[in-house]
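Taking it in order: structure first as structure tokens, then the write-up.
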Amino acid sequence: MLDQIREDLVEHYYDPAFHGLDLDGVVDRARQRINAAGSLGEIFGLLAGVCLDLHDSHTVFLPPRRAQDVDYGWTWRYVGDRALVDYVDADADARRQGLRVGDTVLEVAGYPLTRANHGTVRYLLTALRPQPQLAVTVERAGTARTLTIAARITKRRARLDLDNQLDRHVAEMQEEMAYAARPKPKQEWLADGVLYWRLTDFFDDAPTIRKHGDQLRKARRVILDLRDNPGGSVGVLMRIASLLVPKGVPVVRIAGRGAPETLIVESDVDAFTGTVLVLVDARSGSSAEILARLLQQRGAQVTGDRTMGAVTGAILLKHAAGDGDIKVLYGMLVTVSDVQMPDGSRLEGAGVQPDTFSLPSPDDLEHGLDPVLAQAAASFGVTLDAARAGRISRQ
């Protein structure tokens, strides 16, 4: 696996100099430590570390699936400079231990959380070294407490043979169920001429985007909600951009090992000419960040939190390790292009700075309120209380 990771990076990574990193030296040190490793989790961590040393949001080692699923029963998100619990499963041990939505997470499994490291900590505890229980230190109303929270562990099938038709069908159903559980794009009229448009990712098909465009052309003002949107396809980004900016406008500059390319809106569809207000948060990433910044540069107001700062282009490489009939499947995401705004500025590692910072409080999260959307609606003359705004943006 280590040799394959090196090969993938040498062959595909967009910067053949690896930003000055001595890749061979990193690989050699990882090899020595792997030979002395005491656990599978430690080995996976060392393999992942080769990618992490590049400090690149889209270059990631995807370890083999384990024989057991580990579900901690709760999640956190960053809001401003605080990690806040945003979900607790009603049946999880986390609930029984008193963890509440809105609690500020100070430390997980011995790792103090920061906005810079929390993604790596999550990756470590979910993909690389899942734990049967976590020590979690949280704070509420000035009082800190440490909880020991047990994970829910479920055994998987020992072997999944995708050459078997039944197993292939099961795998496809699992993918469909995972997609069905994700939030869907949504459009809703808040008042005459005022449209709320939630985009949850950039994977929609062309008919859905056309349908969104039909509604958009009836609006005078639009609240474009890109919160929780991790990004997606550049092709979909360009189709969405064509609804909002005129033909001929440059959207993004792609720079790989070859000649750089600037992508320009080419659609003849009449672009929206009304007022746009964009909502973003710390989970807005990739294509969502590009669209938010593009509209901001063209005069749209951006409201919310600083975005993820994860804006490069990557490919997925699938691999199998082992001999004979039984193989271990794993993968690599490798950045193949740097992504810049047309003026040459980069969002990778920086994100989009909103014009107006507007953040939910811990109590807002706990009670499902959305004061950010309510504030955005008020700027368009629409009275919307935070409770109704929460129902609109979360359903």
Once fully extended, how much extra length lies between T148 and I34, figured as 0.36 nm per residue of separation less the alpha-carbon to alpha-carbon distance?
-> 38.0 nm
Positive-end extreme of charge dipole, the chain - chosen from T383, V50, T262 (charges on Cβ) | T383
Taking the Cα centre of the stretch 68-155 as origin and charging only Cβ (+1 Lys, Arg; -1 Asp, Glu), how large is the dipole, in debye to the nearest 20?
-> 60 debye
With springs connecting C-alpha atoms under 10 Å apart, model the chain as a Gaussian network and identify which of L46, L329, L237 has the largest mean-square fluctuation.
-> L329
What FRET efficiency do you get for D268 and Y87 if R0 is 41 Å and r is their Cβ-Cβ distance, rounded to the nearest 0.05?
-> 0.40
Compute the long axis of helix 23-35 from its Cα atoms, compare it with the longest principal axis of the Cα atoms of the chain, and write down the angle in degrees, 0 to 90, nearest 10.
-> 50 degrees
Dipole check, the stretch 1-157, charges on Cβ (K,R +1; D,E -1), about Cα centroid: among H118, Y13, A30 the Cα furthest to the positive pole belongs to H118
Spin-label model distance (nm) - R96 vs K186, 7 Å beyond Cα toward Cβ = 3.3 nm
Subtracting the Cα-Cα distance from 0.36 nm times the residue separation, let me have the gained length for K155 to T75 in nm, one decimal.
-> 26.7 nm
Cα-based helix-to-principal-axis angle, 206-216 vs the chain, degrees rounded to 10 | 30 degrees
Taking R0 as 30 Å and r as the Cβ-Cβ distance between Q4 and Q68, the FRET efficiency 1/(1 + (r/R0)^6), rounded to the nearest 0.05, comes to 0.75
For E107, residues with placed amide H under 5 Å, excluding near neighbours | L113, T137
Taking the DSSP beta bridges in the chain as the whole, what percent of them are antiparallel, to the nearest 5?
-> 75 percent
Work out from phi, with θ = phi - 60° and the Karplus expression 6.51 cos²θ - 1.76 cosθ + 1.60, the ³J(HN,Hα) of each residue of the stretch 238-254, listed in order in whole Hz, and give x for Gly and Pro.
-> 5, 5, 5, 4, 5, 7, 10, 10, x, 4, x, 7, x, 9, 7, 10, 9
From the C-alpha gyration tensor of the chain, square roots of 5λ in Å = 36, 28, 21
Please tell me which of these pairs span more than 18 angstrom C-alpha to C-alpha: K186/K211; K184/K211; K155/K318?
-> K155/K318
Per the Kirkwood formula over distinct C-alpha pairs, the hydrodynamic radius of the stretch 244-395 in angstrom is 18.1 Å
Compute the distance in nm between two label points, each set 7 Å from the Cα along the Cα-to-Cβ direction, one at E42 and one at E11.
-> 3.1 nm
Magnitude of the charge dipole, the stretch 1-96, Cβ model with Lys/Arg +1 and Asp/Glu -1, debye to 20 = 360 debye
Which shape class, rounded, prolate or oblate, goes with the stretch 68-155 when its Cα gyration tensor gives a ≥ b ≥ c as root eigenvalues, a/c under 1.5 marks rounded, and past that a/b bigger than b/c marks prolate?
-> oblate
What is the extension gain from D24 to R220, computed as 0.36 nm multiplied by their sequence separation minus the C-alpha to C-alpha distance, in nm to one decimal?
-> 64.9 nm
Please list the non-local residues whose amide H lies under 5 Å from the amide H of L62, H modeled 1.01 Å from N, same-chain partners needing a gap of 5 or more.
-> G331, M332, L333
Apply the Karplus parameterisation 6.51 cos²θ - 1.76 cosθ + 1.60, with θ equal to phi minus 60°, to every residue of the stretch 46-55 and state each ³J(HN,Hα) to the nearest whole Hz, in sequence, with x for glycine and proline.
-> 5, 5, 5, x, 4, 6, 4, 5, 7, 6
Got the relative contact order for the chain handy, in percent, Cα pairs under 8 Å and 6 or more residues apart?
-> 16 percent
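The numbers here are math on the coordinates, done by the rules we state, and not lab data. Here the structure is a predicted model, which is why all the values come from computation and not from measurement. Note that we place each Cβ from the backbone using ideal geometry, even for glycine, and neighbour counts take in every protein chain shown.
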